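Bear in mind these aren't lab numbers, they're just calculated from the coordinates by the rules spelled out. Model, not experiment: these values are computed from the prediction. Here the Cβ is made from the backbone with ideal geometry for all residues, glycine too, and neighbour counts use every protein chain on show.
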Amino acid sequence: MKTARSHQAYWAFLGHRLSGLALALFLPAHFYVLGMALDEARLDRFLKLSEMPAMKFGEWGLVLLLTLHMFFGLRLLTLELLPWSSTRDARLAWIGWGFAASMAFGFAFIAGVI
Ligand code: HEM
């Protein structure tokens, strides 16, 4: 049986919402770390952690979350703001492209290109 949840657009919605929430949860931690810049030595000590593999993994996850949210968000904005007749592709085709582009950015990050 075909349900709403088996539709590709449902997974795009879920990916967009979960990535948006995860990014919002990350922001307070990010501002806290930025606040450490008031004490340079403290910030330097913390930034040493960023060489740990677990931190690199977290940064990679962040790149994926941000690019996934951005591409799915741009798709929604296109659907909402452009004339319906010119957005046929954005409805379904952009889900796959958005996901693929997000993965490409993730790989580029791992490879050290970005
Ligand atoms: C990178 C550029 C971004 C774009 C193009 C973008 C786009 C959008 C759009 C269009 C929506 C509305 C979705 C809807 O109509 O249901 C949205 C929702 C949301 N965004 Fe973003 N956004 C971006 C960055 C961010 C960032 C950096 C955060 C977090 C710090 C964030 C957190 C959220 C959250 C929590 C929602 C609500 C999700 C939902 O209700 O499903 N967004 N975004």
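Arrange the following residues from fewest to most other Cβ atoms within 10 Å of their Cβ: 48, 56. All intermediate terms of the calculation are to be shown ahead of the outcome.
Values: 48 9, 56 13.
Ascending number of Cβ neighbours within 10 Å: 48, 56.
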One checks the Cα atoms of segment 17-58 and finds Rg and Dmax, in Å, of 12.2, 37
In degrees rounded to 10, the 0-90 angle between helix 88-110 Cα long axis and the longest Cα principal axis of the chain is 20 degrees
Over all pairs of different Cα atoms in segment 4-110, the reciprocal of the mean inverse distance gives a Kirkwood radius in Å of 15.7 Å
Residues of segment 6-35 with backbone N under 14 Å of the label point set 7 Å from the Cα of residue 46 along Cα→Cβ are 26-35
What helix-only [θ] at 222 nm does the chain give? Using -39500 (n - 2.57) per DSSP H run of at least 4, over all residues, to the nearest 500, the answer is -27500 deg cm²/dmol
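Dipole size in debye (nearest 20) for segment 25-114 around its Cα centre, Lys and Arg Cβ +1, Asp and Glu Cβ -1?
240 debye
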